[in-house]
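Taken together, the values in this text are just the output of simple stated rules run on the coordinates, not laboratory data. Here the structure is a predicted model, which is why all the values come from computation and not from measurement. Neighbour counts are summed over all protein chains in view; Cβ atoms, including those assigned to glycine, are modelled from backbone coordinates with ideal geometry.
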Amino acid sequence: MLENFTRTQNLKLLSVVIMSDGSINFRGDGSPHSLRLLTSESSKEQHKMFSFLSEKVFEKTPSISHKSNYLISNLFSVKAIREVLTLSPTFKTSPSLNQPNSSYLSLEQPTLSFLFHEPKDIKWAALRIYFDFDGSISPVFKLKKKRAV
């Protein structure tokens, strides 16, 4: 399915990965360092997707490493970071450990508006990727209120 999308569309899908379980990694001096995906060790397929999209868009293979019970993939490319940042002003989706919520919420927030004018198949692919990386919908049914038929 992803093979039929344009480079720009695959860049948008890679950006969805970064916004869900990924991040833009910066050096201590604040300069951009890499696009990073950090997951539990059991999420190897997600790293394959990150790698596939990185190779498709930037013709570059991310490095992958193991740390404790985590997998870390890094795409070391300032060009990639700059392109991703043209789609959303930030990819930071939660406050830092010592940052108050009010401080975080006063900053510019991430956006998926780069998907608004895309065809349905891209929007569906983005939604599937986001839920695969960052969670799922779990309906809650209260059985005590259900009646047997």
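Legend: residue pairs LYS44/LYS79; LYS44/LYS67; LYS12/LYS92; LYS48/LYS92; LYS12/LYS79; LYS48/LYS120, Cα-Cα distance threshold 20 Å; pairs beyond threshold, LYS44/LYS79; LYS48/LYS92; LYS48/LYS120.
Please identify every one of the chymotrypsin sites (Phe, Trp or Tyr not before Pro) in segment 70-131 that sits in a loop by DSSP and has no more than 11 other beta carbons within 10 Å of its own beta carbon.
PHE116
Extension gain, GLU108 to GLU45, is 19.5 nm, computed as 0.36 nm per intervening residue step minus the present C-alpha separation. Hey, what angle do you get for helix 44-58 against the long axis of the chain, alpha-carbon based, 0 to 90 degrees rounded to 10? Long axis of 44-58 versus the principal axis of the chain: about 50 degrees. Once the Cα atoms are used to define both axes, helix 120-134 deviates from the longest principal axis of the chain by about 90 degrees.
Which residues among segment 42-65 fall inside the zone where the amide N is under 20 Å from a point 7 Å beyond the Cα of ARG128, along Cα→Cβ? Answer for segment 42-65: 43-57.
Which shape class applies to segment 8-143: rounded if a/c is under 1.5, otherwise prolate when a/b exceeds b/c and oblate if not, where a ≥ b ≥ c are the square roots of the Cα gyration tensor eigenvalues? The shape class here is rounded. Taking Cα atoms only, the orientation of helix 7-20 departs from the longest principal axis of the chain by about 70 degrees. The residues packed around GLU3, meaning those with a beta-carbon under 13 Å from its beta-carbon, carry a net charge of 0 if Lys and Arg are +1 and Asp and Glu are -1. Please state the shape class of segment 1-76: rounded when a/c is under 1.5, otherwise prolate if a/b exceeds b/c and oblate if not, all from the C-alpha gyration tensor. Cα axes put segment 1-76 in the oblate bin.
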